[in-house]
1. Does any residue in segment A:132-148 that is more than 11 Å from A:Ile37 (Cα to Cα) and within 10 Å of chain B (Cβ to nearest Cβ) come within less than 7 Å, Cβ to Cβ, of a residue that is crowded, with 22+ Cβ neighbours inside 10 Å and among the polar types (S, T, N, Q) six or more places away or on a different chain, and which pairs are these?
2. Can you spot a residue in segment A:241-252 that is closer than 20 Å to A:Phe76 by Cβ, acidic (Asp, Glu) and at pLDDT 90 or above?
3. I'm trying to understand the selection: among the residues of segment B:226-245, which are surrounded by 24 or more Cβ atoms within 10 Å (Cβ to Cβ) and closer than 16 Å to B:Tyr204 by Cβ?
4. Only one of these is surrounded by fewer than 24 Cβ atoms within 10 Å (Cβ to Cβ) and either in a helix (DSSP H, G or I) or facing chain A (nearest Cβ under 10 Å) (or both): B:Arg170, B:Arg122, B:Arg180, B:Arg130. Name it.
5. Looking at A:Val70, A:Val92, A:Val75, which is the one that is more than 11 Å from chain B (Cβ to nearest Cβ), at pLDDT 85 or above and more than 27 Å from the chain's Cα centre (by Cα)?
6. Do the conditions hold for A:Ser223, that is, is it of a type in the set (Ser, Thr, Tyr) and buried (at least 24 other Cβ atoms within 10 Å of the Cβ)?
7. Being at pLDDT below 85 and at the interface with chain B (Cβ under 7 Å from one of its Cβ atoms) is the filter here, so list the residues in segment A:27-57 that pass it.
8. Given (1) closer than 30 Å to B:Val183 by Cα; (2) of a type in the set (Ser, Thr, Tyr); (3) at pLDDT 90 or above, where does A:Thr130 come up short, assuming only one miss?
Amino acid sequence: MSDDSAAAASAGGTDAVETRAAAIEAQPQRAQGTGAIGDIWISVKRWLVKTSRNPFVTFTSLVQPVIFFVLMAEVFGAVAGGALTNAVGADVSYVTYLTPAIVVQSALAAASISGIGLVIDMDSGMFEKTLASPMGRGTMFLGKVFAEVVRIVVQTAIILGCGAVLLYLETGDGPGTFLETGVAGFLGVLAITILFAGAFMSFSNIVALVTRDKEATILIANSLTFPLLFVSSAFLPLQVLPDWINTVATVNPITYGVDGVRAAVLGEDVMTVIDVTAFGGAWNTIVPAIAVLVVFNVVLGAIAVRLLHRASRAAVQ
Amino acid sequence: MQSQHAPSTSTGQPTDTAASTGSNDGGPAAIRAEDVHVTYADGTEAVSGVDLAVEPGECFGFLGPNGAGKSTTIQTLVSLLHPTAGSVSVHGHDVVEDAQAVREYVGYMPQETSVDPELTARENVRFAARIHGVPAAEREERVEELLDVVDLADVADDLAETFSGGMAKRLDAANALVHRPPVVFLDEPTTGLDPEARMELWDYFEAINDAGTTVFLTTQYLEEVDRLCDRIALLQDGEVVATDTPASLKAAVGGDVLEVSLAGVDDAEHSGSTGKRGATDRTDDPGPARGTELRDHAASVVRSANAFDDPTVERTDEGLAITASDVRTGVMELFVAFHDAGLTVTGVDVRSPTLDDVFLSLTGEAIDEGETETTAPGRESRHGADAEEVTR
């Protein structure tokens with residue numbers, strides 16, 4: 001680096017503008033960068049600040065699943081009794097059964113529009129600006145993902161709290177009945193939800209990188225994810241649903257997200273699309289669910305990163 | 001500004017010696033481009049053989065008409081685009097092999113304003129400071145200083161989305177400069193700004209350049225380039241057609257410019273706006289054809305009068321512009337010839353050539369002036385009825 005500082009020093013200032021004295025006269029210097037952790041943190045902060053700038057959007061996105069939760073619990077809960085008894089036993093209330101579906105649905109809603117941030121950055125020029133800075137490409141993307149994860153964790157906690165309250169109102173049961181698996185179950189729910197969201201964040205960013213259009217990203221996200229919820233084990237046990245839905249559910253990542261979260265909530269093996277018996281109890285659901293979600297993450301994540309690299313090379317087209 | 005990098009060449013002719021100009025003693029060039037070609041996916045060759053060698057501390061103007069490939073070249077220099085052929089390095093670091101190092105050296109202000117509309121002005125500048133790793137100890141001071149420079153201190157906590165185009169542009173300048181980069185790329189940094197904001201930014205560019213920052217800029221404000229830039233490269237159709245100091249480029253135009261306004265020419269084209277001239281109340285039908293005829297006639301008089309040594313004659317709105325090394329001494333002789341030919345001179349101006357003239361003579365087209373028309377150099381006194389001399 002000695003040659004660099006020598007080069008910078010070769011052109012000393014003589015008649016600097018008086019008004020801005022010391023700071024300007026200081027030598028220009030090569031940027032130091034902040035390292036990967038620093039980069040991610042800067043990026044997370046930026047996205048969280050941007051989220052906070054939109055209190056209505058944030059508030060609505062937190063309240064909407066709660067409303068959905070209450071309505072689904074009331075409407076489907078009125079008819080779901082028999083199907084539920086067959087699938088998970090008579091002691092499980094529909095509220096408890098539905099909670100994982102709402103958790104996954106909210107995570108899905110948040111994750112599947114994750115790509116919009118990328119499109120907005122491309123439109124505003126922030127994408128290109130960051131590319132021309134020492135910030136790592138991967139870290140700026142990870143920062144965005146982590147900011148999304150923070151939102152999803154908050155959302156999930158709210159929904160779990162909401163589920164406990166709903167259950168108490170319906171049956172008088174306390175939170176111990178709602179989440180029999182306790183703290184470990186709570187952490188398990190968060191972990192599986194984040195893993196699940198990762199797959200759809202990757203998907204959304206793929207859509208964003210291919211279309212480079214805000215409306216298209218929202219439209220594709222909504223029109224794909226909402227129907228996918230219904231062809232999964234989200235709202236009712238697959239046993240009572242038509243065969244074709246069972247077939248689709250087997251390859252639907254939402255099934256694995258919901259089943260994994262549900263196993264973590266109930267503490268029992270709830271997966272019907274694949275029959276695994278090697279791990280015992282809830283692990284017979286959780287292990288294969290995580291395995292499938294990891295595969296989705298790796299595949300979609302790899303495509304997203306590839307497209308991102310291509311976009312950063314050709315960002316100026 | 002600084003003159004230690006004055007190159008030895010002074011030809012205005014197309015040259016490919018750019019890469020060899022400038023001293024090469026202390027370390028690598030701040031910016032070096034060798035035979036850079038950039039071809040887009042659709043086959044368009046935006047840059048076709050650009051050579052540049054910019055020394056540390058230089059202020060380097062990169063000029064050319066719209067579409068000449070300036071922005072594409074800059075994007076290549078800041079590592080956003082890989083050259084299709086040729087090589088680019090910044091402080092010795094190759095933009096393809098060692099892009100990370102290049103990014104640690106540069107500050108880049110793209111032509112399109114790029115700020116985060118959902119962040120405040122202060123947050124925008126702070127973000128730019130942070131991603132470049134400005135140490136926490138001096139970060140806030142730098143942020144406030146830059147907000148002050150671009151005159152946004154009083155709206156520092158307003159969201160950028162509420163800013164006018166000019167304000168956003170100024171914010172973008174602060175973003176590009178806050179980390180005090182050794183090499184700054186400014187692509188049309190003051191376009192769309194009001195004159196006051198423009199002056200303030202140019203002053204700042206000058207100050208950081210004086211402090212040792214290499215400044216590489218494109219602009220349409222030629223008078224500022226003339227004042228600030230140590231050297232200039234002219235780009236046309238993706239190729240550098242000349243690289244030299246402003247003074248040498250202007251000298252290469254071939255002497256001073258004599259602008260002559262002729263009675264009947266201007267009003268022939270702008271019939272109706274003749275009030276400002278005295279002897280123009282003629283009754284015959286003035287039309288564009290007559291203006292052209294008058295100018296052609298005058299041009300032939302210039303040649304036959306033999307008053308100048310190898311003059312270049314161009315038609316202007318009002319009459320003619322004659323460029324020659326001896327226009328100042330030959331002007332009386334010409335006027336006599338005009339008088340004999342029945343031509344009435346209504347205004348005259350002798351001036352040194354501007355970069356506009358350089359542009360015209362080298363590329364055959366004027367730099368796109370856009371909204372800069374009112375401030376273009378050397379135009380103010382064109383209508384002067386008294387033969388006012390613009391001093392060198």
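The values are calculated or read from the model by the stated rules, or taken from the named source; none is laboratory data. Note that the structure is predicted; figures quoted are calculated from it, not measured. Positions of Cβ are backbone-derived with ideal geometry, glycine not excepted, and every protein chain shown enters the neighbour counts.
1. A:Ala132/B:Ser79
2. No: zero hits.
3. Within segment B:226-245, just B:Cys229 meets the criteria.
4. Numbers: B:Arg170 fails: surrounded by fewer than 24 Cβ atoms within 10 Å (Cβ to Cβ); B:Arg180 fails: surrounded by fewer than 24 Cβ atoms within 10 Å (Cβ to Cβ); B:Arg130 fails: surrounded by fewer than 24 Cβ atoms within 10 Å (Cβ to Cβ).
Result of the check over B:Arg170, B:Arg122, B:Arg180, B:Arg130: B:Arg122.
5. Details: A:Val70 fails: more than 27 Å from the chain's Cα centre (by Cα); A:Val92 fails: at pLDDT 85 or above.
Step by step, each of A:Val70, A:Val92, A:Val75 is checked, and only A:Val75 is more than 11 Å from chain B (Cβ to nearest Cβ), at pLDDT 85 or above and more than 27 Å from the chain's Cα centre (by Cα).
6. Numbers: of a type in the set (Ser, Thr, Tyr): yes; buried (at least 24 other Cβ atoms within 10 Å of the Cβ): no.
Here the answer is no, as A:Ser223 does not meet what is asked.
7. Within segment A:27-57, A:Gln27, A:Pro28, A:Gln29, A:Arg30, A:Ala31, A:Gln32, A:Gly33, A:Thr34 qualify.
8. Exception for A:Thr130: condition (3).
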